[in-house]
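Undergrad: Please find one structure pasted underneath; my questions will follow.
Nothing in this text is a laboratory measurement; each read-out follows from the coordinates by a stated rule. From a predicted model like this one, the values you see are computed outputs, not experimental measurements. Quick reminder, even Gly has a Cβ in these numbers, built from the backbone with ideal geometry, and neighbours come from all protein chains shown.
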There are 2 protein chains.
Amino acid sequence: MHQTFDAALGINLLHANQAGADHNREHFDEWGITCLNIMSSPGAGKTVLLERTLAALSDALKIAVIEGDMTTELDAERLRCYGVPVIAINTGRSCHLDSKMVAGGIHQLAQDYNPSEFDLVLVENVGNLVCPAEFEVGEHIKVALLSVTEGEDKPLKYPVMFREADCLLITKIDLAPYLDIEVSRIAANARQINPDVNIIAISAKTGEGLAIWLDWVRGQVANLTRSPASVSLAKLG
Amino acid sequence: MHQTFDAALGINLLHANQAGADHNREHFDEWGITCLNIMSSPGAGKTVLLERTLAALSDALKIAVIEGDMTTELDAERLRCYGVPVIAINTGRSCHLDSKMVAGGIHQLAQDYNPSEFDLVLVENVGNLVCPAEFEVGEHIKVALLSVTEGEDKPLKYPVMFREADCLLITKIDLAPYLDIEVSRIAANARQINPDVNIIAISAKTGEGLAIWLDWVRGQVANLTRSPASVSLAKLG
């Protein structure tokens, strides 16, 4: 669960969270890291997406994962098999990651490694289609996943997540033939909420769409990664 | 999103919510109504479960639905086809129903109908596997749904919901053959968190398990429904 106001400190936690997120993003920019915040309901396929992404990209790109779960390190253990740093954050009763939790992960990364060597940090948020959309963690890009099994109407019923997302992955499309679901109707409902969202339909099982996703990730890293010098120039400009 | 502390009022919202839930439950007890709070991730099948339940039981039992959604009346409209009162509550940015919202629904029911004529109120919560478990609304029984498509590990990763649930419905079991999922492993993980939880595996598509669910609901109504007289006796006792 999450609070929006801390009575003892007398501060609006959403504002404090945003300041922390901006600070995290300054670190990422300074180190030339692109950060993706990956969000969805439980079981929409975030962890398997990360597995496929690490398998395909970790030779060409230096990647770290910040793995948020209420409890357990089950997902973190799955991802450590891919030979990249995986920093596990247990949120306890909190239904989302916040910028302070992710700051802890960033500091651990900077302590154990040279952060300037990294190209990409993938943050896997707690499985929740509502709350994570409201708490930035310092990401450059928000990625939402929606499984075809969740139903066509979900972008309309949970608009905050779909309005915030830069990229929507419609997942488990291999299951669509067994459901009364049209991927195109999910996409149309998402565009009704967010006309500019980039939509990619994928199946981690068959591999369909994964090449498009991987190209899109490579493009985001190429677009956003800046050397410390160019960051300084941007700040001067 | 939800708050746990209201700075203007200086009150702990969880405590205030609990007091409101107890008050709602007193109303239900007074009227001889059994109330079920139905919770799950988005798209686990809450609304279709209610459709099947209303189709099967609304002749024998007098049922009303309190339908929580962040936005839209899509689900409420689906359920109104079954000829029962459906009170729609839009929670806006809130990621769960709370007892105050449900109190509004109860008062509307009492205004439009004779509430003592009702046997069963089904509350469909906002789709979220985390937050609704922490906010009672006045229910007698908590029902959690988990779709087989969400994965076997979810009871371990989202323990609050599974610890609170009186009954767990494992849904969409018709899809299990297309997934690397064993229903028995989901059940074992749930029992690890909550050894006493009643578990029913169902498919709204094939009808498997629905008779067991319907019998269980009938049993809950028979167990819990009290006449105003017996409530008074209980209070005197």
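Undergrad: Mind running the shape call on the stretch B:6-92? Use the C-alpha gyration tensor, a ≥ b ≥ c as the square roots of the eigenvalues: rounded below 1.5 for a/c, prolate if a/b tops b/c, oblate otherwise.
TA: The shape class here is oblate.
Undergrad: Going Cα to Cα from A:LYS157, which lysines come in below 26 Å? Please leave out same-chain ones fewer than 8 positions away.
TA: Reachable lysines: A:LYS46, A:LYS142, A:LYS172, B:LYS46, B:LYS100, B:LYS142, B:LYS154, B:LYS157, B:LYS172, B:LYS205.
Undergrad: Related question: Mind ordering B:84-90, A:93-99 by average Cβ neighbours within 10 Å, highest first? It would help to have the intermediate numbers written out before the result.
TA: Details: B:84-90: 19.9, A:93-99: 23.4.
So the peptides B:84-90, A:93-99, ranked by packing, come out A:93-99, B:84-90.
Undergrad: Once you average over the residues of B:176-185, how many Cβ atoms of partner chains fall within 10 Å of each Cβ?
TA: What the average comes to for B:176-185 is 1.
Undergrad: How far is A:GLU182 from itself in the other copies, in nm, if each label sits 7 Å out from Cα along the Cα-Cβ line, shortest first?
TA: Here the equivalent label points are 4.0 nm apart from this one.
Undergrad: Quickly rank A:73-83, B:65-75 as a protection proxy: mean count of other C-beta atoms within 10 Å, highest first.
TA: B:65-75, A:73-83
Undergrad: Provide, as a two-decimal number, the C-alpha radius of gyration of chain B over 2.2 N^0.38 Å, N being how many residues it has.
TA: Compared with the compact-globule rule of thumb, chain B sits at 0.99.
Undergrad: How far apart are the B:GLY219 label points across copies, placing each 7 Å from Cα toward Cβ, in nm, shortest first?
TA: Shortest to longest, the spacings are 5.5 nm.
Undergrad: Going by how many other beta carbons lie within 10 Å of each one, how would you line up A:ARG52, A:ARG185, fewest first?
TA: Least crowded to most crowded, the residues run A:ARG185, A:ARG52.
Undergrad: At 1.567 mPa s and 4 °C, plugging the Kirkwood radius over alpha-carbon pairs of the protein assembly as shown into Stokes-Einstein gives what diffusion coefficient in µm²/s?
TA: Once the numbers are plugged in, D ends up at 56 µm²/s.
Undergrad: Specify the angular offset, from 0 to 90 degrees and rounded to the nearest 10, of the alpha carbon long axis of helix A:46-57 from the longest principal axis of the alpha carbons in chain A.
TA: Computed tilt is about 70 degrees.
Undergrad: On to the next question. Give the relative contact order (percent, whole number) for the stretch A:31-154; include only Cα pairs under 8 Å separated by 6+ residues.
TA: Relative contact order comes out at 46 percent.
Undergrad: Relative contact order for chain B: what percent, with Cα pairs under 8 Å and sequence separation of 6 or more?
TA: 25
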